[in-house]
Every structure is written in structure tokens, then in C-alpha cells.
1. Treating the stretch 388-536 as a set of equal point scatterers at the Cα positions, no solvent, please give the Debye-formula log₁₀ I(q)/I(0) at q = 0.14 Å⁻¹.
2. Which net charge results when you count Lys and Arg as +1 and Asp and Glu as -1 among the other residues whose beta-carbon is under 11 Å from that of residue 583?
3. So what's the stretch 522-665 giving for Rg/Rh, alpha carbon basis, Kirkwood Rh from the mean inverse pair distance?
4. First select every other residue whose beta carbon is under 14 angstrom from the beta carbon of residue 179; then total the charges, Lys and Arg +1, Asp and Glu -1.
5. For the stretch 235-296, what is the convex hull volume of the alpha-carbon atoms per residue, in Å³?
6. Given the peptides 617-629, 453-465, 651-663, 228-240, arrange them by the average over their residues of other C-beta atoms within 10 Å, most packed first.
7. Regarding the stretch 536-604, what are the three Cα extents along the principal axes, ordered largest first, in Å?
8. Run through all the Cα pairs of the stretch 357-457 and give the fraction in each 10 Å bin from 0, expressed as whole percent.
Amino acid sequence: MRPIPCSRDMDFGQSNLFGYIEDLQELTIIERPVRRSLKTPEEIERLTVDEELNDIERALYLLSSGQDVQGTSVVANLPVLMRQNPAETLRRVLPKIREVLHVAGVEMQLTAAVSFLTVLQDESVSIHTYSHSFLHIILQNLEHRDAGVSNAWLETLLAVIEALPKETIRHEILNPLVSKAQISQTLQSRLVSCKIMGKLANKFEAHIVKREILPLVKSLCQDVEYEVRTCMCRQLEHVAQGIGTELTKTVVLPELVELARDEGSSVRLAAFETLVNLLDMFDSDDRRQTVLPLVKSFCEKSFKADESILVSLSFHLGKLCNGLYGIFTPEQHLRFLEFYKKLCTLGLQQENGHNDNQLQLQTLEQEKKYISVRKNCAYNFPAMIVFVDPKNFHLELYSIFFCLCHDPEVTVRYTMAISFYEVAKLLNSSVCTIQKELVTLLQDESLEVLDALVGHLPEILELMINGGENSGSESKLLSIPDLIPALTTAEQRAATSLKWRTHEKLLQKYACLPQIISSDQIYYRFLHRMLAIILTNNVLPVQKAAARTLCVYLRYNRKQEQRHEVIQKLIEQLGQGKSYWNRLRFLDTCEFIMELFSKSFFCKYFFLPVLELTHDPVANVRIKLCYLLPKVKSTLKIPTDKHLLQQLELCIRKLLCQEKDKDVLTIVKREQLEKEKQQNEGRSANVNDKIFEKKRRDNKPSSVLVKSMTLSSGNSSGASTGKEDKKSKLVRSQSFNTQALHPKYNNIDKCSNKSSATGYTSSLSGMGKSCMLSFSDDSFRTRSTGNSGNATFSSSSSLISSRNSFNSTDQKNNGNKESQSRKMSIKNRKSNS
């Protein structure tokens, strides 16, 4: 359609006018389906269902009076109805579905086939009930005129056969199959019979299969229609597995030989593929006398009269060559190898010295066929290495390997990249012969090829380094001079593409390089590149992959100057960077450092820079930091890192007091509550341990108790000492109980003590203030730290015991005041009297 010009450019001549009218008519046609999709009030009324109906009644109403789309929705909902109310669904809904399916369209038929299979898989009814209610409906719809519908019902039936008992299969499926497989039946009926035969062959004993199924199999293999012969030929593999080796040799193999010479190309192709799949069931005599001549015939005809088999032959050639390896003569071995080499270059070079102008141009279909052949040859390359022996690789197959790695088609090179690791494993000590091809594939212009190769790149590089006769890694590196430029080129090409997943995968695999190349090479060629990716790339997974790989490089770098330089750049350019995005990546990098490095390394270089981000102006950075704080705290070692713990607690305290962002504050408070919960659980465990220890001491034998009493009665000084011990135990228990209380109860205790000791605190105000300040600081530390719990508890205990001593002194002072007041009152009474 032409673009409609502006009004000042319009030409209202007769010819142009008709052109504009045609354009407007096209626009009208485009809009017309939109108008038709709207429902009229009458249509809406017909689609409306009474809401008071239950599920069963609604399903019956829609199947009877609704439109096709509503009936299809009921059929799709059948598994749900079966789970909710199986009895009513079987009694009322299923008969209605069976009735509707006679006149249903394709969509409802396909939906019904899927729903019936779902009901079987859900096991909402017993298999006996299922076969009684559903099996007949499935069998009725097998021969539907639509091939897609027929295949859908067939797939359901084949799944049902797996669960049915043998007697049901015999009476409901096998017996009717005898008549359905006759030549007088329709083509669709005979095709369905072929597929059912293959399934039934594995359900019965061999003698039943021989007596009742094999005659039908032979009949269908000789059917007048090539579609039936092809279908039955592909089922012979399943039949052979059901009847065993002996019957396969006497019954199936002769049929395959005859079908391999069939006039239909599709029949010959099916016979060839079935023959390859059954190769393990034939003994050496059968392979030599029957299979090998057939395979040779297929190979000879594939380039001349039977190109239809060429693609399949190239795909199965590796399996054939290794399956027939033991019966090949040296001449036959060489012939099959040459045949494989010919297939590898099919379509790339012309025979008999003719140039392209002298030959007839290949059709597009032939080109696609030849590309598929070369792709299959690349797929079979590891099998062909086994066929010729890895020792003969350089002499026999290296030239073909070179051609396939440089093939003009991406799919061929992609397949070689996938199989490169298998080739390297097979070559073992001779792996150095394919180093150039590794570099070639790393520099391939297609990212699909690079992505396929990178999957096993660490393993391939390890084989390259450890393979061969050289023992030192430095000498091995000299044998791959172009490896490092190829790796850098591959990364740069992935970085400039839009396929960030390939770039991420590549960066992840580059973490293996410290095992492959030297630390200096990594530092100058890769490490700074990783830092640049973190700073400049816009894809988060790529940045994280680069950060982790950089941390791996730093982990294996033993030069302190280089290490300090990288650490300084991480802190300055990421942790103190102007972009909040860089500061977020700094936290990601710190997380990787905690994973890969020691705790002391992190505390030495990164602990304080991380804490500085608690003052970050961007809330997202502070949120990420708060989530990371538990991991940061776990790196501390007490008492060595006590000063760092104090810094951490100070930062948390400032966040709790000064933070204005509600999300950050919520995270900090939640972490504090979890920490207090863990500490309380630890304290309760300590209390339980002490109670258990006390009970154990109290339950000692009476002789020990008598002995201790005798000793105490014989020594008066010991008695006084015992009293002092009891007092000290009482003080310790009081301090322990006070420590176990919640902080708010400590505050209440302080208030009561303060009200009862006003005179005392006025005389010892300075000392009292210092004690109260130290106590409050220690109590905060007790609630906020986990690793220094013991030290904090001892300080708090001593502090509380000292406070108890203050209270006892206060009580003495109060007693003196009361006695003085009594004396004064007595004197006043005397004076009055």
C-alpha cells in the first residue's frame, strides 16, 4: 500500500484518485475483522450461564446448549471434574462428551485426547474403571478422518496400553486388531494397526507374539501401500525387542533384507535405519553374511541412484563402522574410511577437475542436503577417531578435521566446536596436533561457534597443557603461541555483541586461566580487562561474572605490588566511585572476596571500606550493605579483631539512631532482632547447662557428702570460709539472673535502686556516673555481639556484683539513719514529758 501524501501534495487527478480509494478500501478490510470480533447483545446472552448451577450441571448445560468453544472448555476441564466428583462425572458428563465427540470439530477432538490422557496420569479412577469408561471412546476415534486427530488419539491409546492388564489388551485391542489390519481396511486403519503392533509386541510373551502378532506383522510388511510398509518397517525394532534374538534372526532379519530392496525410497530408508538400530542383536555371522553386503550396497547407491539415504547414512556411519569393525578386512576398512572422507567434503569440491561453470548448478535442496551430510560427519568425527585408532589420527584424519573446522557453514563448525572436547580426550597425548584448530574456532566469526566451544574450554585447555611429552607448564605454553591473543579477541567480540549470555559464560570460564598461563600474563592481559568490564559494562550478570573472575585472578597472584595495586583500584574506583552502581558492584566484589579469600585478608583490606558505605547517600547501597553485614561480621576473629567489632557496632548504632530510610531501618532492626534471639537462645542453653551441673553435684553419693560435712565440722575456719563461698555464690547467681533479664528490666532495677539510695549517690556521684556509663555500654555490647559473649558477660557480672555491694552499703546507711531518727524521737518525748 502506498503512503498517503500530505494535503498540499495531493493530486486529485482521476488516476491518483482511484489509487487513494483503493488504499482506503485496504484499510477498511484491515479493520473489518476487529469489528466482527465484537459480540452482539444476543451473542452475549447466549454465552451467559446461570451462576447458581454447580460444576456438573454447568458442564451438562454447556455441552448441550453452549457453543463449541464452551464445550471445548468443558472437555479441557474434565480432569478437574474427575478429581472433584468422579462418580457424577462418569455417570452424567462422560456420556454427554462421548455423544458430542461424534460431531465435534478438530479442536475439541484434540482437547479430548489430551484430557483423557491426563485423567489416566492423575489416577483419579482405577484402571478397571478407566478401561470400562474411557477405552471405548478412545478406540472409536482412532480412525478419525483428520490425520492429526487420529495421531493424537493413537498417542493416548499407546500410553493407556502401558497401564492396561494383559487380558483387557487381548480382548479390547488385540482381537479387533486382526480385522483392522486386513488389506480391505482403510489406509489410516492399517497405519494405526502398525503402530499398535509395535507396542503390543512388548506386552506379551514371545510365544504369544509369534502366534498372534507376527503373522499380522508379515502381512503389513508386504502391504500394497508404501506408507504401510514404511510404518511397519519402523516398528520392527520394537517387535524384535519383544521376541528376542532367535526369532529376530529367523523372522525379522529376512523381512528387513526384503524391505531394503523395496522400490520405495522411504521404505529402503526405514529398513536401513532399523538395521542399524538392531545391529547389536545380530551375531558376527549375520553381520558378515547379511548386514555388511546391505550396507555396502547402500553406500554404493547413495551417490548415484539413491541420494535419499545419503543424509541418514552419514548420520549412522560412525555407529556402523564401529559395529562392523571386527568383521572388516583391511581393504573394507580403508574403503569405509575413504567413503567417510568423501562425505566430509561433499558439496565443497568438484570431481574430475571440472570447475563450477562446467557443472550443472546445484539446487537449493541439494545444497541443504550436502550441508546436513557434512554436519553429520562432524557429529561422527569422534567415532571415526576410534575407528582408525587415535595413534593414526594425524595420518588418516587430520586433514578432514582441518576441513571441518574451516567449513563455510556455521552449523558444521558449530558441531565441530561441540565435539572438540571429545576429540581432545580421545587424542590424549597427541592433543597438541589440534592446537591450531582450537585457536581457529576461538576466533570464529560466529558467536554460536564460540559459545559451543566455551562450554568445555577449561577442560580443553587443561588437556592441552597436560598432554604431550613435555612436563613443564611454561614449555607447554610456548607450543600455543596464539592462545592468549585468541582468548582476548574472543572476549572482545563477545563484549561488542548483543549476546550477553555468551559473554557471561566466557568470563566465567576464563576463571580457569591461572591454571593455564602465568600470573604476569593474566595481570597484563586479562585482570585489568575484568576491572574495565565491571566499570563500563551495563549488564549485571556480565559485571558479576567479571568481578568473580577478577577475584580468582587476585587470589592466585603472588606479587604483593600487583595485589596492592588491584586492591587500591577496587577501593578507589568501585568502593569510592562516583556512581552508586559502581559502589554496588564493590559490595558484590567483596562478597566474592569473602568466598575465595581468608577472613584475615578481608578484614585487613576491605572491612573498613565496606563499613564506610553505611554513610552512602544512596539508600540502595545502604540496603545492600545491611544485607551483607552478617557475612562481614562472620569474618571477625575475637579477641584479635575486637577493634573492628567495635567499629561495626558503632556503625549499626548510628544506623539505628540516624537512618531516615524506612527500608534500611527495617533491615537493620530485623537483623538486630535475629541477633538478640540467637544470643538469648545461647544464654538459655548456658542456664540449662549450669542447672544440670548443679543437679549433678547435688546428686553425688552420700559418703562424699558425709565426708565433706565431717571436714567442715572439724575446722571452724573452714565453716567461715564456707559461709563466704555461699555468699559469693549468691552474689554470682544474682548477677547471672540480672544478666539474663531483658534490658528493660535492668532499667527498672536502676530506678528502684536510685530511689532508695539518694544520699549515697550524692556522696559518690562521680563514681556512680562512671559505673552507670560503663554498665550501659557493656549491656549494649552484650546484646549486639555474638563472638565476644563470654568477655562481655564477665564484665557485666562484675559490674552487677559491684552494684549489689553499693546497694548493701546503701542499706546500712539507711539503717543508721533510722536508728538516729528513733533516738531523736525518744529525746523529744522525754523533753516534752
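The values are calculated or read from the model by the stated rules, or taken from the named source; none is laboratory data. A quick note: this is a predicted structure, and the numbers were derived from the prediction, not measured. Don't worry about glycine lacking a Cβ; one is built from the backbone with ideal geometry, like all the others, and counts go over all protein chains shown. The area values use the complete protein model at the heavy-atom level, side chains included, leaving out ligands, DNA and RNA. Shrake-Rupley method; radii C 1.70, N 1.55, O 1.52, S 1.80 Å.
1. -0.67
2. Values: positive: 578, 585, 622, 624; negative: 588, 612, 616.
Here the charged neighbours net out to +1.
3. Numbers: Rg = 15.2 Å, Rh = 15.7 Å.
Checking Rg against Rh, the ratio lands at 0.97.
4. Values: positive: 180, 190; negative: 143, 172, 212.
It works out to a net charge of -1.
5. Values: hull volume 4.5 nm³, N = 62.
In the stretch 235-296, the Cα hull volume divided by residue count equals 72 Å³.
6. Taking the mean over residues of other Cβ atoms within 10 Å, the ranking is 228-240, 453-465, 617-629, 651-663.
7. Sorted from largest, the Cα extents of the stretch 536-604 read 31, 21, 19 Å.
8. Per 10 Å bin, starting at zero, the Cα-Cα P(r) for the stretch 357-457 comes out as 15, 46, 28, 10, 1 percent.
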